Amino acid sequence: MSTKSMPEPVVTPHFPLAEVLWPDRAEGASGVLRVVILMALGTALLTLSAKVNLPLPYVPMTLQTLVVLMIGAAYGWRLGGATVLAYLAEGAIGWPVFAGPVGGLAPLVGPTAGYLAGFVAAAIVTGWLSERGWDRSVPLLFAAMGVGHIIILAAGFAWLAFGMKLGVEKAWLVGIAPFVAASVIKNALGATLVPAIRRLLDRRL
């Protein structure tokens, strides 16, 4: 009596949006050039989003959290995290990439330090979830980006409260409360755009 083995299910790999738009098929110098161009594009977008800001007493309100999370969702966790790290490195060496007219180490050790550190973790987490298919669904990507926003705000709050010694109450008032509504709006925008672009590409491919 022979038994027929069931066929193994075919698992279609899921690639980040950047991989769909520009597949990583090149090796050597061409592959490195692709990464450099994507990172340069990401850091340029982060710089532009920093310049669109509403000055507040301690931390300006910018579009950066939206761009950070969209980079994570579109690039995946490795390239997304590396791009945000490259952006922070550009600022650290003096390039004027942060909110305000100058770069340097001051934003990395001042009131904004916690948020900037949170950018890296948020891009990695959002990218990791995106690589598992969360970027195809608006509700799932909204949840993934929500986690990213929570990471950024929590890191910023912790630094203001304990690193800058503002205390929990003041850190909440200046570092969390002004940003909650804007974070929800940016979350919804990013969670709508990325799946819409994926659906458009899926129809064309």
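The values are calculated or read from the model by the stated rules, or taken from the named source; none is laboratory data. Because the structure is a prediction, the values reported are computed rather than measured. Quick reminder, even Gly has a Cβ in these numbers, built from the backbone with ideal geometry, and neighbours come from all protein chains shown. Please note that ligands, DNA and RNA were not included when accessible areas were found on the heavy atoms of the full protein model with its side chains. Shrake-Rupley method; radii C 1.70, N 1.55, O 1.52, S 1.80 Å.
Ordering PRO60, GLY42, ALA144 by Cα displacement along the dipole of the chain toward the positive end leaves ALA144 in first place; charges were set at the Cβ atoms of Lys, Arg (+1) and Asp, Glu (-1).
Charging the Cβ of each Asp and Glu at -1 and of each Lys and Arg at +1, and nothing else, the dipole of segment 162-205 about its Cα centre rounds to 260 debye.
Ligands, DNA and RNA are left out, and with a 1.4 angstrom probe the accessible area of segment 25-99 is 48 Å² per residue. The dipole here belongs to the chain: it is taken about the Cα centre, uses +1 on the Cβ of Lys and Arg and -1 on the Cβ of Asp and Glu, and is about 300 debye. Share of carbon and sulfur in the accessible area of the chain stands at 73%, probe radius 1.4 Å. Listed peptides 186-195, 80-89 appear in the order 80-89, 186-195 once ranked by packing, highest mean of other Cβ atoms within 10 Å at the front. Against the criterion of solvent-accessible heavy-atom surface with a 1.4 angstrom probe, ASP24, ASP135 sort, most first, into ASP24, ASP135. The separation of segment 73-88 from segment 121-174, counted between C-alpha centres, amounts to 15 Å.
Once a ≥ b ≥ c are taken as the square roots of the eigenvalues of the Cα gyration tensor of segment 124-205, is the result rounded (a/c under 1.5), prolate (a/b larger than b/c) or oblate (a/b not larger than b/c)? Judged from the Cα gyration tensor, segment 124-205 comes out prolate (a/c at least 1.5, a/b above b/c).
Given an 8 Å cut-off on Cα distances and at least 6 residues of separation, report the relative contact order of segment 33-131 as a percent. Relative contact order of segment 33-131: 34 percent.
Using a probe of 1.4 Å, the accessible surface attributed to ILE176 totals some 10 Å² when neighbouring protein chains are kept in position. Across all C-alpha atoms in segment 19-66, the radius of gyration and Dmax reach 15.6, 48 Å.
Checking [x] 0.91; [y] 1.06; [z] 1.15 against the coordinates, the calculated Cα Rg over 2.2 N^0.38 Å falls under label [z]. Taking Cα atoms only, the orientation of helix 77-92 departs from the longest principal axis of the chain by about 30 degrees.
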